[in-house]
Amino acid sequence: MKQAKTYVLTKELTPLMFNEIAEEYDRLDRKLSFGLDLTWRKKLTQYIKNTNKNFEIVTDIASGTGDMLSELKKLNAKKYVAIDPSVNMLKIAKAKVPDADFIIAKAEQIPLPESFTDLITVAFGIRNFSDINRAFDEFYRILKPGGKLAIMEFSVPKNIIPALGFKFYVKYVIPILGYIHTGNYQAYKYLAESIFDFSKRYNITSMLSEHKFRDVKVRNFIFGGVKIYCCSKKE
Ligand SMILES: C[S@@+](CC[C@H](N)C(=O)[O-])C[C@H]1O[C@@H](n2cnc3c(N)ncnc32)[C@H](O)[C@@H]1O
């Protein structure tokens with residue numbers, strides 16, 4: 001019999017929640033997205049490749065079980081750094097990309113020096129941050145001048161018909177499938193609700209501009225259900 005979880009989830013508790021679902025995360029991610037999550041991470045990598053820049057140091061934030069990190073290896077950077085506050089998620093990432101450096105930390109307080117990295121990526125992580133503004137300050141600080149930031153996140157589509165389908169799937173289907181596979185209804189309910197909350201509260205494009213990032217560009221997938229935001233730090 002699966003144990004019901006009784007804690008109330010807040011952004012501060014998400015690393016704890018990810019620790020609990022780490023073992024099942026990849027398998028369920030594939031199922032819930034019908035395998036599309038792999039395609040989206042590939043698209044993000046291709047988008048970065050198309051900038052024709054050389055990336056010496058790549059830093060993947062909210063790296064989780066390392067699926068984005070594995071994909072980023074295609075950029076042939078000299079060094080890869082993965083950051084995440086969930087120890088159990090990073091353990092799985094380490095098995096996939098053993099030669100990367102792993103740091104247990106939050107995006108809001110990154111223990112890396114100024115102008116450290118050429119590229120920062122965040123795939124499906126930003127909506128879990130407790131303070132996105134602080135994280136953007138940190139991203140700007142650790143990026144080299146001319147460095148790139150690429151963020152991928154879910155969003156509610158603008159068009160009413162895809163929006164209805166998206167909302168139904170995320171609100172009702174994901175928590176139930178999450179419960180069936182992991183026994184953790186709350187975790188998957190939180191994951192679903194955080195998409196709506198994030199979509200409603202934040203305009204990432206203008207936030208990035210307010211944080212001095214330049215050339216902010218957005219690309220939509222599945223009618224805007226998934227968005228890629230790309231921008232850079234001034235040379
Ligand atoms: C949905 S997973 C995404 C993992 C991975 N990037 C991927 O593409 O599968 C979100 C990750 O964000 C991490 N996270 C939660 N709060 C965070 C924070 N404040 N700073 C950095 N990462 C955080 C979680 O531990 C979790 O591993």
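The values are calculated or read from the model by the stated rules, or taken from the named source; none is laboratory data. Given the structure is predicted, the values throughout are model-derived calculations rather than measurements. To get the accessible areas, we keep the full protein, side chains included, count just its heavy atoms, and leave off ligands, DNA and RNA. Shrake-Rupley method; radii C 1.70, N 1.55, O 1.52, S 1.80 Å.
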- So, in Å, what gap is there between the alpha-carbon centers of the range 173-235 and the range 92-163? 12
- Message: If each DSSP helix of 4+ residues adds -39,500 (n - 2.57) and the sum is divided by the residues in the chain, what number results at 222 nm, nearest 500 deg cm²/dmol?
- Response: -13500 deg cm²/dmol
- Message: For the range 136-235, take N as its residue count and report Rg(C-alpha) divided by 2.2 N^0.38 Å.
- Response: 1.28
- Task: Take the solvent-accessible surface of the protein heavy atoms, probe 1.4 Å, and return the percent of it on the chain that carbon and sulfur atoms account for.
- Result: 55
- Task: Quick one: order Tyr185, Tyr169 from most to least accessible surface, probe 1.4 Å.
- Result: Tyr185, Tyr169
- Using only protein heavy atoms and a 1.4 Å probe, report how much of Lys234 is accessible, in Å² to the nearest 10. 110
- Message: Tell me the volume per residue, in Å³, of the convex hull enclosing the alpha carbons of the chain.
- Response: 113
- Task: For Asp60, Asp197, give the ranking by accessible area with the largest first, probe 1.4 Å.
- Result: Asp197, Asp60
- Task: Enter the accessible area of Thr65 (Å², nearest 10), with the probe set to 1.4 Å and all protein chains included.
- Result: 0
- Note on the structure: In Å², rounded to a whole number, the accessible area per residue of the range 32-135 with probe 1.4 Å is 43
- Query: Normalised by the residues of the chain, what does the relative contact order come to in percent, with Cα pairs under 8 Å and at least six apart?
  - Reply: 19
- Message: Given a 1.4 Å probe and heavy atoms of the protein chains only, how would you sort Phe34, Phe139, Phe124, largest accessible area at the top?
- Response: Phe34, Phe124, Phe139
- Task: For the chain, give the share of DSSP beta bridges that are antiparallel, in percent and rounded to the nearest 5; count only bridges with both residues there.
- Result: 40
- Query: Which lysines have a Cα less than 20 Å from the Cα of Lys167, not counting those fewer than 8 places away in the same chain?
  - Reply: Lys31, Lys158, Lys189, Lys200, Lys227
- Message: At 1.4 Å probe size, what's the solvent-accessible area of Arg201? Round to the nearest 10 Å².
- Response: 150
